[in-house]
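Peer 1: Take a look at this one; I'll ask things after.
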Amino acid sequence: MAPPSSSLVFTVHRGEPELVAPAKPTPREYKLLSDIDDQDGLRCQIPNFQFYRHNPSMQGKDPARVIREALARTLVFYYPFAGRLREGPNRKLMVDCTGEGVLFIEADADVTLDQFGDALRPPFPCFEELLYDVPGSAGILNCPLLIVQVTRLRCGGFIFAFRVNHTMCDAAGITQFLSTVGQMARGRLAPSIPPVWERHLLRARDPPRVTCKHPAYDEVKGAIVPNDDHRSFFLGPAEISALRKQVPHHLRNYSTFELLTACFWRCRTTAIQVNPEEEVRMVCTVDARSKFNPPLPSGYYGNAFAYSAAVAQARKLCENPLGYALQLVKQAKADVTEEHMKSLADLMVIKGRPHYAVVRSYLVSDATRARFRDVDYGWGKAVYGGPAKGNVASFQIPFKNKKGEDGIIVTLALPARAMEIFVKELDGMLKEKPIDENGGISVLSSL
């Protein structure tokens with residue numbers, strides 16, 4: 001479970017950044033984003049990495065060239081990605097489909113995939129070298145919506161790194177886009193799942209009306225916790241089993257995501273040493289595609305999730321058994337319904353597209369279902385695929401360790417002293433005695 005060493009140092013030689021435009025002419029038009037897409041908390045760029053091993057069957061093929069050409073063909077179908085964001089009245093975002101293209105960089109690194117060893121998980125060594133921050137590209141408006149860097153490795157493998165404007169898509173949406181790039185790279189002429197824009201499906205009602213509670217967007221005063229110590233924790237079958245034994249029998253119907261979220265929320269709350277009487281939040285992402293009747297179209301690649309929150313007094317969260325936090329997390333996820341999503345879109349319009357609460361909040365995103373590892377550009381599935389680092393958000397990422405065990409990587413960023421406390425709290429939870437049949441267990445906390 002220990003965090004990996006990031007002492008690996010290597011040199012990357014990059015080519016000049018270039019714009020990759022759609023391979024054929026595309027419509028010149030404006031396309032409005034949904035009222036879920038353009039909320040303040042999504043006006044950011046998200047970095048992700050995919051690592052690929054050498055594949056003898058692809059000998060003589062240059063991954064950078066293959067992917068560049070596949071990108072151009074994919075952009076014919078996903079042409080809004082080749083445009084630029086503009087902002088209209090009331091902070092409404094829209095895509096100006098200019099066809100300018102996405103940024104592309106090819107590079108070479110004097111390192112092999114095996115040299116990454118245990119560091120093949122966030123936070124990655126030499127992050128800035130593997131995903132170059134092209135000057136002038138980091139803005140939300142009037143900037144490329146996607147930047148891709150393909151770095152060839154000395155062993156014949158490569159790294160596909162990308163940074164995407166979050167207002168355009170969520171994890172499921174970008175995976176759909178990348179899967180199409182993979183299909184094009186392997187010779188398909190059209191995507192297996194045609195992309196669907198239809199952002200009006202998640203637009204506010206007229207007139208807008210907030211019909212549900214949205215504690216994720218409460219205005220909370222206070223200082224934001226710094227995040228200078230970035231780590232990731234691997235929880236395999238043994239660790240997850242140890243946590244499951246602390247859950248009362250009447251709560252047996254829960255997911256691994258819910259269990260780990262409850263655990264990390266509790267440990268983090270202790271670590272940041274908040275006033276025991278103050279409220280703390282767990283804010284998680286909940287995919288709402290299946291919540292609609294009828295469901296959203298399968299090719300819909302916009303943001304189709306909600307930030308949903310659980311709220312608790314710090315003392316109660318840390319002094320109660322793990323099941324207390326778990327129940328709160330489960331309820332927060334259950335709160336997301338079709339009506340909740342409509343109400344959320346209305347809230348965005350009424351309140352000026354507010355940011356989710358970050359003060360005393362543990363923000364966590366489930367990347368286990370995004371299937372970044374399954375994207376195949378011709379070299380097979382990725383060894384690692386997922387977020388490149390955790391920052392404000394904590395990510396849960398599927399991972400296979402060196403022993404071949406499947407588990408979950410959880411990223412976390414905290415001040416250095418708080419991280420020390422967190423590690424001790426987590427270690428203590430993993431060593432707790434199993435709960436008895438009556439649900440009796442005393443869980444001590446240093447809060």
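Peer 1: Of the peptides 400-406, 254-260, how do they stack up when ordered by the mean number of other Cβ atoms within 10 Å, highest first?
Peer 2: With the highest mean Cβ count within 10 Å placed first, the list reads 254-260, 400-406.
Peer 1: May I pose another question? Please sort 193-199, 265-271 by packing, taking for each peptide the average over its residues of neighbouring beta carbons within 10 angstrom, highest first.
Peer 2: Per-residue mean Cβ counts within 10 Å order the peptides as 265-271, 193-199.
Peer 1: While we're looking at this one, here's another question. Can you give the calculated 222 nm mean residue ellipticity of the chain, where each DSSP H run of n ≥ 4 adds -39,500 (n - 2.57) and the sum is split over every residue, rounded to the nearest 500 deg cm²/dmol?
Peer 2: -7500 deg cm²/dmol
Peer 1: A further question on this structure: Considering only DSSP states other than H, G, I, E and B, which GluC sites (Glu not before Pro) in the stretch 269-328 qualify as loop sites with at most 16 other Cβ atoms within 10 Å?
Peer 2: The qualifying sites are Glu277, Glu278.
Peer 1: Search the structure for amide H atoms under 5 Å from the amide H of Ala23, placed 1.01 Å from N in the peptide plane, and list their residues when 5 or more places away or on another chain.
Peer 2: Arg73, Leu75, Val76
Peer 1: Hey, another quick one. What nm value, rounded to one decimal, do you get for the distance between Glu128 and Glu219 when each label is placed 7 Å out toward the C-beta?
Peer 2: It is 3.7 nm.
Peer 1: Between the stretch 174-253 and the stretch 40-57, how many Å separate their Cα centres?
Peer 2: 16
Peer 1: Mind listing the long-range amide H neighbours of Cys155? Cut-off is under 5 Å, sequence gap 5 or more, other chains count too, H placed in the peptide plane at 1.01 Å from N.
Peer 2: Here the answer is Leu113, since their amide H atoms fall under 5 Å of that of Cys155.
Peer 1: Residue by residue, what Karplus-based ³J(HN,Hα) values in Hz, rounded to whole numbers, does the stretch 78-84 have, using 6.51, -1.76 and 1.60 with θ = phi - 60° and x for Gly and Pro?
Peer 2: 10, 5, x, 4, 7, x, 9
Peer 1: On average, how much accessible surface per residue is there in the stretch 135-209, in Å², for a 1.4 Å probe, leaving out ligands, DNA and RNA?
Peer 2: On a per-residue basis, 37 Å².
Peer 1: Whole-Hz Karplus ³J(HN,Hα) for the stretch 410-417, in order, using 6.51 cos²θ - 1.76 cosθ + 1.60 and θ = phi - 60°, x for Gly and Pro?
Peer 2: With the stated coefficients, the stretch 410-417 comes to 10, 8, 7, 10, 8, x, 4, 5 Hz.
Peer 1: Turning to a different aspect of this structure: Once phi is turned into ³J(HN,Hα) by the Karplus curve 6.51 cos²θ - 1.76 cosθ + 1.60 with θ = phi - 60°, what whole-Hz value does each residue of the stretch 324-332 show in order, with x for glycine and proline?
Peer 2: 4, 5, 4, 4, 5, 5, 4, 5, 4
Peer 1: Would you mind checking which residues have amide H under 5 Å from Val364's amide H? H placed 1.01 Å from N; only 5 or more apart, or other chain.
Peer 2: Amide H to amide H, under 5 Å and 5 or more residues apart or across chains, Val364 pairs with Val283, Cys284, Thr285, Ser394.
Peer 1: With a/c under 1.5 counting as rounded, go ahead and sort the stretch 117-251 into rounded, prolate or oblate using the C-alpha gyration tensor (a ≥ b ≥ c being the square roots of the eigenvalues; past the cut-off, prolate if a/b is larger than b/c, else oblate).
Peer 2: Rounded, since a/c falls under 1.5.
Peer 1: Then there's this: Could you give the accessible area per residue of the stretch 60-109, probe 1.4 Å, as a whole number in Å²?
Peer 2: 34
Peer 1: May I ask you to give the percent of accessible area on the stretch 33-89 that is carbon plus sulfur, with a probe radius of 1.4 Å?
Peer 2: 51
Peer 1: Which value, in debye to the nearest 20, gives the size of the charge dipole of the stretch 251-371 about its Cα centre, when Lys and Arg are +1 and Asp and Glu are -1 at the Cβ?
Peer 2: It comes to approximately 220 debye.
Peer 1: Right, something else. Label-point separation (nm) for Glu277 and Glu339, each offset 7 Å from Cα along Cα-to-Cβ?
Peer 2: With each label placed 7 Å out from Cα toward Cβ, I get 3.6 nm.
Peer 1: Leaving out ligands and nucleic acids, note down the accessible area per residue over the stretch 248-368 with a 1.4 angstrom probe, in whole Å².
Peer 2: Details: 4190 Å² over 121 residues.
The answer is 35 Å² per residue.
Peer 1: Please give, to one decimal in nm, the separation of the simple spin-label points placed at His200 and Asp427, each 7 Å out from Cα toward the Cβ.
Peer 2: About 5.9 nm separates the two model spin labels.
Peer 1: May I pose another question? Quick one: pull the percent of accessible area on the stretch 266-417 belonging to carbon and sulfur, 1.4 Å probe, ligands and nucleic acids left out. Show your work: numbers first, answer last.
Peer 2: Details: 2620 of 5640 Å².
The value for the stretch 266-417 is 46 percent carbon and sulfur by accessible area.
The values are calculated or read from the model by the stated rules, or taken from the named source; none is laboratory data. Everything numeric in this text was worked out from a predicted model, so none of it was measured. Every residue, glycine as well, gets a Cβ built from its backbone with ideal geometry; the counts of neighbours run over all protein chains shown. To get the accessible areas, we keep the full protein, side chains included, count just its heavy atoms, and leave off ligands, DNA and RNA. Shrake-Rupley method; radii C 1.70, N 1.55, O 1.52, S 1.80 Å.
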